[in-house]
Amino acid sequence: MFELIIQTDFAAAHRLRGYKGACEKLHGHNWKLDVVLQSDRLNELGMVVDFQEVKAALKDILAEFDHSFLNDLARFKTVNPTTENIAKTVAQELAKRLPEGVRVKSVTSWESDRCGATYV
């Protein structure tokens, strides 16, 4: 089994609907993402997938999030833009763009250096 790890980031603001505390107010984060991909085989070049392809897909996915108010995005109109839901959304969107035989093992979304959530 092979695993690739790609790290990326984006900055955005959000507020947590229904939350009682400071996070119900508008605030922002510089999110960091750790994306882990898996495959049991390598392609003809000896790679799981070209890092550049994955980085381009992530850049495309995160373009919607970066420097935005997440609550205004259609995908977060009814789903709270929590760190957990960000990780899930990125994992699901990336899975649609990967070559056959390559799968998302996990996405960890870090909202700070010490607080993150992983979607498996």
Legend entry - Selected from A13, A56, A95 as most flexible by GNM, with the chain as the system and alpha-carbon contacts under 10 Å: A56
Legend entry - For the chain, radius of gyration divided by Kirkwood radius, i.e. Rg to Rh on alpha-carbons: 1.01
Inset, instruction - Give me the angle, in degrees from 0 to 90, between the Cα long axis of helix 51-63 and the longest principal axis of the Cα atoms of the chain, rounded to the nearest 10. - result: 20 degrees
Inset, instruction - Pull out a ≥ b ≥ c, the square roots of the eigenvalues of the alpha-carbon gyration tensor of region 75-120, then state rounded if a/c is under 1.5, prolate if not and a/b is larger than b/c, and oblate in the remaining case. - result: oblate
Legend entry - Which of S106, S112 is most accessible, then next, and so on - probe 1.4 Å: S112, S106
Legend entry - Prolate/oblate/rounded call for region 26-74, Cα gyration tensor, a/c under 1.5 rounded: prolate
Inset, instruction - Leaving ligands, DNA and RNA out of it, report the carbon-plus-sulfur percent of the accessible area of the chain at a 1.4 Å probe. - result: 50 percent
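The values are calculated or read from the model by the stated rules, or taken from the named source; none is laboratory data. Since the model is a prediction, treat every value here as computed from it, not as a measurement. To get the accessible areas, we keep the full protein, side chains included, count just its heavy atoms, and leave off ligands, DNA and RNA. Shrake-Rupley method; radii C 1.70, N 1.55, O 1.52, S 1.80 Å.
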